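Student: My questions will all concern the structure given below.
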Amino acid sequence: MAVPELDAKEIDQLLADHPDWSLARDGKAITRTFQFKDFSEAWGFMSRVALQAEAQDHHPEWFNVYAKVEVTLTTHDAGSNGGLSHRDAKLARAIDAL
C-alpha cells in the first residue's frame, strides 16, 4: 500500500526544520553528509542510526568511507514512484538528535 508523499509545502518545511539536509535533484530524497574523527566514530553513529531505523521500520540508504557517512532518506512506496514521506521526516529528526 502506498504511503502518502509530502507535498511541496511539507518538503519546504522539512528542509527548513533540517537545514543540514539537501533535496535530491529529482525531489524524491534528502541527503546529509556526516564527517567524524575516525572510522570507529563513524561506525558508532551508523549503529545508533540502525537502531533508530529498526525501531521505525524505515531504513536509510547510506555510503561510508572511513570517517564519512552519507545518509539518503526516501520512501520507496510513497506515491506512485517513490518520494519523501512523513517516515523520512521522522527518521531525519531522529538522526539529527543523535
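Student: Just name one of 78, 11, 30: the one whose Cα is farthest towards the positive end of the charge dipole of the chain (beta-carbon charges, Lys/Arg +1, Asp/Glu -1).
Tutor: It is 30, whose Cα lies furthest towards the positive end.
Student: Related question: Using the Cβ atoms and a cut-off under 13 Å, what net charge is assigned to the surroundings of residue 75, where Lys and Arg are +1 and Asp and Glu are -1?
Tutor: Working: positive: 28, 87, 90; negative: 5, 10, 57, 61, 77, 88.
Taking every other residue near residue 75 into account, the sum is -3.
Student: Something else about it: Between residue 12 and residue 55, what length in nm is gained on full extension when 0.36 nm per residue of separation is reduced by their alpha carbon distance?
Tutor: Values: separation 43, 0.36 × 43 = 15.48 nm, distance 2.61 nm.
The span from residue 12 to residue 55 would gain 12.9 nm if fully extended.
Student: Quick one: how many lysine pairs in the chain have C-alpha atoms under 20 angstrom apart, if they're 8 or more apart or on different chains?
Tutor: On the way: 9/28; 9/90; 28/90; 37/68.
Lysine pairs meeting the criterion: 4.
Student: From Cα pairs below 8 angstrom and at least 6 apart in sequence, can you work out the relative contact order of the chain, rounded to a whole percent?
Tutor: After rounding, I find 36 percent.
Student: Still on this structure, please answer the following. Principal axis lengths of the chain from Cα atoms, whole Å, largest first?
Tutor: So the three principal-axis extents are 39, 25, 21 Å.
Student: Using a Debye calculation, one point per C-alpha and no hydration shell, please list log10 I(q)/I(0) for the stretch 38-79 at q = 0.15, 0.20, 0.21, 0.32 Å⁻¹ in order.
Tutor: -0.39, -0.63, -0.68, -1.12
Student: Right, something else. Once phi is turned into θ = phi - 60°, what whole-Hz ³J(HN,Hα) does the Karplus curve with 6.51, -1.76 and 1.60 give for every residue of the stretch 19-35, x standing for Gly and Pro?
Tutor: x, 7, 9, 10, 7, 5, 3, 7, x, 9, 7, 10, 9, 9, 10, 10, 10
Student: Still on this structure, please answer the following. 7 Å from Cα along Cα→Cβ at both residue 96 and residue 70: what's the point-to-point distance in nm?
Tutor: Distance between label points: 2.2 nm.
Student: Follow-up question, since we're still on this one. With a point put 7 Å past each Cα toward its Cβ, work out how far residue 23 is from residue 35 in nm, to one decimal.
Tutor: Reported label-point gap for residue 23 and residue 35 is 2.6 nm.
Student: Still on this structure: Can you pull out the chymotrypsin sites (Phe, Trp or Tyr not before Pro) in the chain that DSSP calls coil and that have at most 11 other Cβ atoms within 10 Å? Provide the component values of the computation, followed by the final result.
Tutor: Numbers: sites: 21, 34, 36, 39, 43, 45, 62, 63, 66; in loops: 21, 36, 66.
Those satisfying the criteria are 66.
Student: Could you tell me which trypsin sites (Lys or Arg not before Pro) in the chain are loop residues by DSSP with no more than 15 other beta carbons within 10 angstrom of their beta carbon?
Tutor: Answer by residue number: 25, 37.
Student: Can you show me the helix-derived [θ] at 222 nm for the chain, built from DSSP H runs with n ≥ 4 at -39,500 (n - 2.57) apiece and divided by the number of residues, rounded to the nearest 500.
Tutor: Numbers: 3 runs with 39 residues, N = 98.
Theoretical 222 nm ellipticity from helices: -12500 deg cm²/dmol.
Since every read-out is calculated from the coordinates, none of them should be taken as a lab result. These numbers were taken from a predicted model, which means no experiment stands behind them. Here Cβ is always computed from backbone atoms with ideal geometry, including for glycine, and neighbour counts include all displayed protein chains.
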